Structure formats: C-alpha cells, structure tokens
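Read the structure below first, then the notes.
The values are calculated or read from the model by the stated rules, or taken from the named source; none is laboratory data. As the structure is a computational prediction, the values presented were derived from the model and not from experiment. A quick note on method: Cβ atoms are made from the backbone with ideal geometry, for glycine too, and the neighbour counts reach across all protein chains shown.
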Amino acid sequence: MNILLVGAGLSGAIIGRTLAEAGHNITIIDGRDHIGGNCHTERDAETNVMVHVYGPHIFHTDDEEVWNYVNSFTTFMPYKNRVKTTSQGQVFSLPINLHTINQYYNKTLRPAEARDFIENEIADKSITDPQTFEEQAMRFVGPDLYKAFFEGYTIKQWGCSPTELPASILKRLPVRFNYDDNYFFHKFQGMPENGYTPMIEAILDHENITVHLETWFDPDTAGEYDHVFYSGPLDGYFGYKLGRLGYRTLDFEKFTDKGDYQGCAVMNYGDREVPYTRITEHKHFSPWEEHEGTVCYKEFSRACEPEDIPYYPIRQVKEKALLSDYVKLAEETGGVTFVGRLGTYRYLDMDVTIREAMDTAAAFLESAAKGEKMPAFVQNPL
C-alpha cells in the first residue's frame, strides 16, 4: 500500500519503518526543515556541544523491548538525571529525598524518622481525599516543601493556580526517604551517544521510505493514499473549526559561557519571582564528551499562541470537552489514524511514544491482513 505519515518525529519514523519493512511504500512529510520533531538535536556551532534544540529529552523506560529497539539504531550511553532546584536562597536536590528533607529542616533524620516526621508533623492530614494539585502536595509533603518546590514552579509552568490543576498531576509524587537523587526510577536510562537526530535518521534509512521536509499536510490529499498516520495537532487536522485545544509552549533564551556554568544539567527555580522555570546546561547531557565552552537555555513557559510550537497539553475541563468533540470528528473521518503527543492530545514520554508507535504499526498490519479498517485511534485520547 501507499501510506502517508505526517510528521518525521518518533511516531512517524517508527510506524514508517515497521510498515516499510513489511513491504509498504512510505511517504513521510514534515513542515520543519529537520527530522526528529521536538527530539531534534544538533551541534552548537560555537562550542560543538550537542544541544537538545527543543529542550532536554532524557530517555528512561522499564520497557525492555523499547530499550532494545532504540539501541538497535544507535549506541546509548549511561546517563542519570540529577536535578537541582534553587529555592529561598538555597540549592536543594530533587526529587524530594532524605537529603532535601534534612537540609531544608536542618535535621539529621534517618529514613524511618523522616517518614514519621513528614507524616505526623508536616503533612496536612486533614486532607483525606485530595482533589487538586495543591491539596495533593499539602497532604503528602506539607506547606513548607510545597511552597519551596512546587507552588511557584507550577504557577510558572502551567500559568494558573495549583488549586485549578487536578491532583492526578501529583498522584505519583516522588518523595524518597533515602539519598537516591536519580530523578527517574526506571530500569533503563541513557542518552544516545550522538544525539537523537542520527538515531531517527537510522530508523528512516530504508529503501521504501521517502521523506519530504518543509512540506505541510493538505487534508485534501489524504485520498491519494491508502492510509494516513497523522502526528500533527488533532485540532489542526480539522482546521481548528471547533476551536483550539489548549497548550503551554516554551521560549528558550540561549546563552554560552566558558567552563562549567552551573555544575549540573538541570537547575529548577522554584521561586515565583524568578521568571524562568529552569536553566539547562546541555554539555552535561553528554558527560562522556569534553568541551571548553558551554551552552545553556533559560526556559520560560507561557500560553501557546497559533504560531507557537505546542509542548504541554493542558487537558483541563474545557479542553477535555473540546477534545471529545474532535475525537468524534476523527472517528467519523476514516482513512486516518491519529498518533503521538499532538495527534492524541496527551503528554507522552519518549518510551511511551515509541511503544504506542510500535503497537500502532502492528495493529495496522493485523487489520490489513484481515481486511479490516484501521481505527482513528489505537490509544483513546479520552
């Protein structure tokens, strides 16, 4: 079959590769001038540091099949994400761990003592059924740690009060009663040795795949293909005719320096009066390399406008109502399957994106073998 994939990021590349290996003719288009979507990496011209152009992407997963898949296209180097935060005039370790607790409260608690201290002296036990982000944080870490590490950062990141965000954002609040400061807890963690873009280039390197960059999708051309996989914005496919789904976007203020600017890859800024949410220093994402110079990004979060790159789906009540309407439209369309972060309006880590792309390709091959129609969504956005 002749199949069109809209978007040359992880979803499009992996679905395209799997279907190409099955003998289908694959055309991939992308409006940008590079492949890789928001995972795109490139060397900084001034310092030669590998830069994550759209913000850092750290690979972590418990899915061994996904881990083996990406490692078949590139070499992954060991990498542990150790985040620091500047708050109230001090630097602390995140996620909240035993060092954070002892430092903040000027104590020398052992694990059991710290657990008892937080639960019985600090946490707000009057909250029995947390409904909001703020209630969830107050219940599990109390007002001090909430204000130091979550309140200001969350307001800057989401542009609204934590009382307006659902508790589900913090349902798996990472609080560790040991000195483990590895931000993630997954079995497999690492970074591609030469960046994500060469990895995706390798995935796309197949005789049945043709890639066209700086090419925008026209829905009127969908009928020229046997099937379309669309990883652009769901509402954009329909020309935003029901309205726009809400996103947050990021602005980056890039600067260079000599040596080591901040001593870590990610420094959060929890105080509300600091306008940016964090500074990322990209040389630390490739600790196996040595560079005299350094490249840093200050990150600023704001509401996404029509010409901006959408990053984080908001998914509050009004967005979910609109999403429901778009899902219905999509299911009535036929001939197109919506995939990825934008196509399903869900925040997805890279490993989940890859897993869903693998599953979507498998579902298509199975449907084709049975002569059945492919659904609009393999993963329900609702």
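See the values below:
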item: Segments classed as strands (runs of 3 or more DSSP E), wholly inside the stretch 22-98, with at least 1 members that are among the charged types (D, E, K, R); result: 25-30, 41-43, 83-87
item: Segments classed as strands (runs of 3 or more DSSP E), wholly inside the stretch 272-382, with at least 1 members that are under 26 Å from Lys156 (Cα atoms) and at pLDDT 95 or above; result: 278-281, 293-303
item: Residues of the stretch 241-262 classified as touching a residue at least 12 places away in the same chain (Cβ under 8 Å), loosely packed, with under 15 Cβ neighbours inside 10 Å and in a loop (DSSP other than H, G, I, E, B), total; result: 4
item: Counted residues, the stretch 1-56 - those being out of contact with any strand residue (DSSP E or B) (no Cβ under 7 Å at 6 or more places or on another chain) and closer than 17 Å to Asp349 by Cα; result: 11
item: Checklist (1) at pLDDT 95 or above; (2) in contact with a helix residue (DSSP H, G or I) (Cβ under 8 Å, 6 or more places away or on another chain); (3) among the aromatic types (Phe, Trp, Tyr) applied to Tyr153, failing item; result: (2)
item: Extreme residue, surrounded by the most Cβ atoms within 10 Å (Cβ to Cβ), among residues of the stretch 189-228 that are more than 26 Å from Ala368 (Cα to Cα) and acidic (Asp, Glu); result: Glu201
item: Boolean, Pro162 is free of Cβ contacts under 8 Å to residues at least 40 places away in the same chain and buried (at least 19 other Cβ atoms within 10 Å of the Cβ); result: yes
item: Evaluation of Arg17 against (1) within 29 Å of Tyr261 (Cβ to Cβ); (2) among the basic types (Lys, Arg); (3) not in a loop (DSSP other than H, G, I, E, B) (one fails), failing number; result: (1)
